[in-house]
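A.B. asks: Could you have a look at this structure, given as structure tokens, before my questions?
The values are calculated or read from the model by the stated rules, or taken from the named source; none is laboratory data. Because the structure is a prediction, the values reported are computed rather than measured. When we count neighbours, we look across all protein chains shown, and the Cβ atoms used for this are built from the backbone with ideal geometry, even at glycine. Protein only, heavy atoms only, side chains kept; ligands, DNA and RNA dropped before computing areas. Shrake-Rupley method; radii C 1.70, N 1.55, O 1.52, S 1.80 Å.
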Amino acid sequence: MYPDVYDKVGNNEVFNPEFIYEHLEKPKDPKMGRFALPVFRFTKLLAAKPQDIAQAVAGAMTIPEHVPITVEVAGGFINAKVDFSALAEESLVKILSLQKEYGTEDIGEGKTVIVEYSSVNIAKPFGIAHLRTTILGNSLRLILKKLGYNVIGMNYLGDWGTQFGKMIVAYRKWGNDIDLSDNPIEKLLELYVRFHEEARTNPELDDEARKTFKALESGDPETVDLWKRFKDMSLADYLKVYEQLGVEFDVITGESFLNDKMESLIERLEKAGLTSVSKGALIVDLHDPQLPPCLLKKADGATLYATRDIVGAFWRWEEYHFDEALYVVANSQSDHFKQVFKVIAMLEEAEQIPEQERIANRLKHVDFGWVKFGDKTMSTRSGNIIYLTDVINKAVTLARKKIREKNPGLQTIDKTAEMIGIGAVLFSQMSVRRLKDVNFIWEDVLNFEGETGPYLQYTHARLCSLLRNYDGEITSNPDVSLLHGEEEERIVELLADFPGAIRDAARNYDPYFIAMHLIKLAGAFNRFYQRKTPEGRIDKIISDDAPLTRARIALVRAVQVVINEGLRLLGIKAPEEM
RNA sequence: GCCCCCGUAGCUCAGUAGGAUAGAGCAGCGGUUUCCUAAACCGCGGGCCGCAGGUUCGAUUCCUGCCGGGGGUACCA
């Protein structure tokens, strides 16, 4: 084709299959095809205009008969369309036979991943600040399982630390006569807020709190007893919330669990010569101008959460021998994790641990942006928080009201309202890329229209309704030649791309990719559902034309399977009616 | 001061291994139901992609600086 530059071209392996494969992209507009090869990058090499190259290459291509693609040139792009019926045939048959196993893969087989998420702080109310880690982590766990990983979903409770010193001091000072049997968390919160108010004018309280935590750490029975009471009461409360949200864990543990493992780690670090004492505190100097030293022990000898995270990482390794450990924690803690990971790397280096047993580069902070509320930052200390239960209750109540308006005959109103209200809340946290700060806007979270969870659920219910109304059998090898509209093509493409969306979500540690894929699919289906004939009538899916109806119902079934499975991966329930 | 994240339509956000006229949803306005669930669908208006340079055939995307918002910055987590 280009004999004068053949050597150069050959040397650069331009136009060999792998090279081309790597440069393929997806056209901006799906109508232009499934694959595109921009040839601008070769203009210099070939000393020709992009359009000419594209023309020449496309003209020289011979496509074997069994390969169902057609090639078009558009400016400097070579676009390849996959023959619709081949694509439809392949993906529909696959979906209809595999059902919910469609998109399941084994790329994670034999690999263990720990996903730490939620990790609420005991004795504090479940606020919307914890919503994101809980929802993101729960979905990530499901997504990674789908790809064949051995996943351990871990709730690492914040049940240790100076805050408990504060709580216990507050309780002893002002709370002894409070009845904690009813709504304990709220009462504990009041104490906690009061502590911070009073500590502003009375700094001695902070000292007292530190002392009390130290007593807890060294096992003072009376203090431990109180701590345990607080912990049990709060955990019981959280479990109810998790149940309501449909969030599950494989392991629930907490920082306190590591208490007796601290000393041996600190000894290891000391032995490795990494520690030093600064201003009375035991630290590891990270020799990094960007990072402050990592504190292991305060001047009073009590540990800090960095110490516990370091110990925890090693404990997780011994217990699970993970290939990867994810920490789904807000990005405000990114320095903390950098410090923790660095200390671990330094220790492994100093101890000359064999490469394959090192964990430092298996640890990954999956960070996400803040949940903001108006112009105020939410914080437990100021008492300025939105309770998750309030959010859920409002959403469910609103859902119930809508059902009464729109579908009063529905048998399971309460159950369905719960699915929808919670679906709205869950989706609101996954419809934005995880690093973005999200504003908590009541109006948006309680919106059931547009790009929302209820929209997906509604579409699913609509699909199920069609399947109920169809009295024939659902074929698993439909005559795809009958599905020839623009809408059908778009639906099939999105169905075919669903497994890719799952992989994108896993690669980016972000369920967002699945959420948006489902929105597109639901939109494509709803357009198909409401398409009109040239005469202006609805082009119904179920009609007198039996073969056509059979083919369309097969498509409906495939969409329903994918939306159902996609919602499951997001942790959202898919109602059959609503 | 230093470090990290963010800055795209009135609002909330996509567009991120650099690519084809910058896309959705919400809000606004106007349509669609003798009804396979209108929580839907169609149309309209709406943009110096924070600003200024640089690299490139090509920059919303990469680099540098500045501006604006958020977070972090050793004895909280």
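A.B. asks: Within region A:366-388, take every residue that is at pLDDT 60 or above and open to solvent by less than 40 Å² (accessible area, probe 1.4 Å) and give me the one that is farthest from A:HIS130 (Cα to Cα).
C.D. replies: A:VAL366
A.B. asks: Looking at this structure, is A:LYS173 assigned to a helix (DSSP H, G or I), in contact with a strand residue (DSSP E or B) (Cβ under 7 Å, 6 or more places away or on another chain), free of Cβ contacts under 8 Å to residues at least 60 places away in the same chain and more than 24 Å from A:GLU255 (Cβ to Cβ)? If you could, list the steps in order and put the result at the bottom.
C.D. replies: Working: assigned to a helix (DSSP H, G or I): yes; in contact with a strand residue (DSSP E or B) (Cβ under 7 Å, 6 or more places away or on another chain): no; free of Cβ contacts under 8 Å to residues at least 60 places away in the same chain: yes; more than 24 Å from A:GLU255 (Cβ to Cβ): yes.
So A:LYS173 does not fit the description; no.
A.B. asks: Next up: Tally time: how many residues in region A:337-355 are within 28 Å of the chain's Cα centre (by Cα) and of a type outside the set (Val, Ile, Thr)?
C.D. replies: Going residue by residue through region A:337-355, those that are within 28 Å of the chain's Cα centre (by Cα) are A:337-345.
Restricting the remaining residues to those that are of a type outside the set (Val, Ile, Thr) gives A:337-339, A:341-342, A:345.
Number of matching residues: 6.
A.B. asks: Let me ask something else. Restricting the first residue to region A:40-59 and requiring it to be outside any helix (DSSP H, G or I), which pairs with a second residue that is away from RNA strand B (no atom under 12 Å from the Cβ) meet a Cβ separation below 7 Å and a spacing of at least six or different chains?
C.D. replies: Correct list of pairs: A:ALA47/A:VAL5.
A.B. asks: Here are some residues: A:LEU140, A:LEU144. Which one is in contact with a Phe, Trp or Tyr (Cβ under 7 Å, 6 or more places away or on another chain) and open to solvent by less than 30 Å² (accessible area, probe 1.4 Å)?
C.D. replies: Working: A:LEU144 fails: in contact with a Phe, Trp or Tyr (Cβ under 7 Å, 6 or more places away or on another chain).
Every option except A:LEU140 fails the conditions.
A.B. asks: Going by the conditions given, is A:LYS81 near RNA strand B (Cβ under 8 Å from one of its atoms) and closer than 27 Å to A:ILE563 by Cα? Don't jump to the end; show me each part of the working.
C.D. replies: Working: near RNA strand B (Cβ under 8 Å from one of its atoms): no; closer than 27 Å to A:ILE563 by Cα: yes.
Answer is no for this residue.
A.B. asks: Follow-up question, since we're still on this one. Run down A:LYS532, A:LYS520 and say which single residue is closer than 20 Å to A:ARG462 by Cα and surrounded by fewer than 16 Cβ atoms within 10 Å (Cβ to Cβ). Can you show your working first?
C.D. replies: On the way: A:LYS520 fails: surrounded by fewer than 16 Cβ atoms within 10 Å (Cβ to Cβ).
On inspection, the qualifying residue turns out to be A:LYS532.
A.B. asks: Go through the residues of region A:268-286 one by one and say whether even a single one is in contact with a Lys or Arg (Cβ under 8 Å, 6 or more places away or on another chain), within 14 Å of A:MET346 (Cα to Cα), modelled with pLDDT under 95 and surrounded by 13 or more Cβ atoms within 10 Å (Cβ to Cβ).
C.D. replies: yes
A.B. asks: Which one of the conditions (1) open to solvent by 10 Å² or more (accessible area, probe 1.4 Å); (2) in contact (Cβ under 8 Å) with a residue 24 or more places away in the chain does A:ARG404 fail to meet, given that it meets all the rest?
C.D. replies: The failed condition is (2).
A.B. asks: Limited to region A:216-233, what total is found for residues that are touching a residue at least 12 places away in the same chain (Cβ under 8 Å) and either among the hydrophobic types (A, V, I, L, M, F, W, C) or farther than 14 Å from A:ILE168 by Cβ (or both)? Break it down stepwise before answering.
C.D. replies: Here is the first cut: in region A:216-233, the residues touching a residue at least 12 places away in the same chain (Cβ under 8 Å) are A:216-217, A:223, A:226-227, A:229-231, A:233.
Now restrict to residues that are either among the hydrophobic types (A, V, I, L, M, F, W, C) or farther than 14 Å from A:ILE168 by Cβ (or both): A:216, A:226-227, A:230, A:233.
Final tally of qualifying residues: 5.
A.B. asks: Open to solvent by less than 10 Å² (accessible area, probe 1.4 Å), among the hydroxyl-bearing types (Ser, Thr, Tyr) and either under 18 Å from the mean Cα position of the chain (by Cα) or modelled with pLDDT of 95 or more (or both): which single residue out of A:THR459, A:THR452 fits that description? Break it down stepwise before answering.
C.D. replies: Working: A:THR452 fails: open to solvent by less than 10 Å² (accessible area, probe 1.4 Å).
On inspection, the qualifying residue turns out to be A:THR459.
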